[in-house]
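Structure record follows, encoded as C-alpha cells.
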Amino acid sequence: MAMPDFSDFQLLILVLSALLLFLYGLEHFSKELQAVGSDRLPRWLGLATRNRISGLALGAAVTAAVQSSSAVSALVVALVNAGTLSFAASLAVLLGAKVGTTATAWLVSFELTSIGPYLIVLGGLLTMLPFQIRVIGRAIFYFGFIFFTLDLIGQSLEPLRQDPWILKQLARASEPWVGVLLGALVTMLLQSSSVVSGLAVVLVQQGVLSPEAAIAIVIGANAGTTVTALIASIPMDAFARRAAQMNTFFNFVAVVLMLPFVGSFARWAIALGDSPDRSVAIAHLVFNLGLALFFLPWTGWFGRHWAPRGDPTPSPQNAPV
C-alpha cells in the first residue's frame, strides 16, 4: 500500500485548516445566536414543554437554528440541573434536537455554500450599526462564515478525486459497520455531528465518497454526538447526568437497531433521492425522525421510572403530558 507523498500531506493540512475554520465558525455562530436570545432561550425551553410534541418541535427548531445538537443538548442538561426543565420534559427536547441537526446536511445538499461571502459582507456591515443590530450582524457573519468554509472544504477536497490511495481508504466506509464506526469516532473527536454530516455530503458532491458510505457515516455520527452532553453533565446533579445518559441511550439503541439494515436503508434512500447528496440528506432526516418518533411516546414512562430517586414533581409549565 503506497503512502501519501508530501503533496498529499500539504493537501491534508489544507483540508484540516478549512475544517478547523468551519468548526470555529460553527462554534461562534452558535454562541452569537444564543447571545441574541440569551434570556429568551431558556424560558422558551421551559414554557414550550407542556407536552412532548411541543418539546420535540422546539428542540428541532432551536437545533436547526443554532446548527449544533451538541450545544442544544448541553444547554438542556444545564437547564435540568438548574431546575428550569424537568427530567421527563428534557427527553422530548433532546429527541427534537436529533431531528434539527439534519438541517446542515440539507443546506449543503442544496449547494447553498456560494451565498457565504454575501452573508459575511452583510453581517460585517451590520456590526457597524447600534448594539442590538450589531449582535444580529455577528450571527449573520458567522452563518456566512460556515457556508464559506464549507465551500473552501469542497474546493480543497477536489484533488482527492484523483488520489487512488485516499479513494481506497474511503471506499472501506461502504461496509456498513466500518462507516458507522468511522462516523461515531470522527464525531466524538470533532464534537459536532453537523460537521460530520456536512462534510459527508460535500465528499459525496465531490465524488470522493459513495452515498452508501456517507449514509453509514451520518448514522454513526448520531452515536458520537452524545459525548458533549455526557461531558457537560459530569459536575452536575443526578437528574442532569441521567438526562445526558438517556440522550446517549436513545442514540446508541437506534444505531444498533439500524446497523443490520444500513445497506438496504441506504439503497432505499438513494432510490428516493434525485441526486446522491440529496439521498444522504434524506437518509439522515428519516433516521433521526424515526428515532425521535419511536422514543417520543415513551418519554413519560422514562420520566417516571428512569429518573433518579428524589426527582421533584414536574411543575405545570414543564410537565410532559
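The values are calculated or read from the model by the stated rules, or taken from the named source; none is laboratory data. Here the structure is a predicted model, which is why all the values come from computation and not from measurement. Here Cβ is always computed from backbone atoms with ideal geometry, including for glycine, and neighbour counts include all displayed protein chains.
Worth a mention:
- Filter result (closer than 18 Å to GLY25 by Cα and surrounded by fewer than 14 Cβ atoms within 10 Å (Cβ to Cβ)) within the range 118-133: TYR118, VAL121, LEU125
- Counting only helices (runs of 4 or more DSSP H) that fall entirely inside the range 173-278 and contain at least 1 residues that are out of contact with any Lys or Arg (no Cβ under 9 Å at 6 or more places or on another chain), surrounded by fewer than 18 Cβ atoms within 10 Å (Cβ to Cβ) and not acidic (Asp, Glu), the qualifying elements are 176-190, 227-233, 238-258, 262-272.
- ARG134 satisfies every condition listed in (1) over 19 Å from ASN251 (Cβ atoms); (2) in contact (Cβ under 8 Å) with a residue 12 or more places away in the chain except (2).
- For ASN288, the conditions (1) surrounded by fewer than 19 Cβ atoms within 10 Å (Cβ to Cβ); (2) in contact (Cβ under 8 Å) with a residue 24 or more places away in the chain; (3) over 12 Å from VAL204 (Cβ atoms) are fulfilled apart from (1).
- Residues located in the range 100-114, provided they are of a type outside the set (Phe, Trp, Tyr) and outside any loop (DSSP other than H, G, I, E, B): GLY100, ALA103, THR104, ALA105, LEU107, VAL108, SER109, THR113, SER114
- Cross-chain or 6+ apart pairs with Cβ under 6 Å, the range 295-307 first and under 7 Å from ALA88 (Cβ atoms), then surrounded by fewer than 18 Cβ atoms within 10 Å (Cβ to Cβ) and modelled with pLDDT of 85 or more: none
- The set of residues in the range 75-105 that are closer than 20 Å to PHE302 by Cβ and of a type in the set (Gly, Ala, Ser) comprises ALA78, GLY83, SER86, ALA88, ALA89, SER90, ALA92, GLY96, ALA97.
- Residues located in the range 205-227, provided they are of a type in the set (A, V, I, L, M), at pLDDT 90 or above and more than 13 Å from the chain's Cα centre (by Cα): ALA213, ALA214, ILE215, ALA216
- Unique match (being within 19 Å of SER197 (Cβ to Cβ), assigned to a helix (DSSP H, G or I) and touching a helix residue (DSSP H, G or I) at 6+ places or on another chain (Cβ under 9 Å)) among LEU79, LEU75, LEU91, LEU95: LEU95
- Residue check for LEU167: surrounded by fewer than 19 Cβ atoms within 10 Å (Cβ to Cβ) and at pLDDT below 75: yes
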